[in-house]
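The values are calculated or read from the model by the stated rules, or taken from the named source; none is laboratory data. No experiment lies behind these values; they were computed from the predicted model shown. Positions of Cβ are backbone-derived with ideal geometry, glycine not excepted, and every protein chain shown enters the neighbour counts.
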Amino acid sequence: METMRDALDHGPEAGDDDARYAAELLDRLSHSKFRASFSLGAADRAYAWSKGIPVVAGHARELLRARVGAARPFKDGKQTPYRGHPVFVAQHATATCCRSCIARWHGIPVGVTLSDRQIERLATLVTAWIQRDLDAHPRPTPASVQPRKRGRGRGRAGTPKQPTLF
């Protein structure tokens, strides 16, 4: 029987089933109360929409390689923030945030440097999660965006508002 680790190490031809792997794992992760509790905030969604999925996917590869790619990453278990970039949120939602989560959910043991193939597979999963979140929260149209309401009768910092003369 093939393990998840074997599936991640098949080489270039394994790229054909990255989407299937992502779909299957996203389904498994959806049954975890903790992993299913994550969603992108408005600022992260706006960032992903403005940059586009290909750019965010590149960020996912870079961040995974830098933060969890080493056999024993610096500050493992604490190296991935919970906010600040859509990829960070997606890493927690997809269990790619630290090596112990990668070992548990993806079958790649701690102490083994991630290969380029493994980084690509995990980045595909992170990107699929971000795309799924964007699809679940459609981009607001300009007509649906309401201007921010200001307090009545007061300007900034509690100073009285100037009267309208004309």
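In the set (1) closer than 19 Å to GLN131 by Cα; (2) without any contact (Cβ under 8 Å) to a residue 40 or more places away in the chain, THR80 fails one condition alone, (1).
For the stretch 143-158, check the following and say yes or no: at least one residue is at pLDDT 80 or above and out of contact with any Pro (no Cβ under 7 Å at 6 or more places or on another chain). Within the stretch 143-158, none of the residues are at pLDDT 80 or above and out of contact with any Pro (no Cβ under 7 Å at 6 or more places or on another chain).
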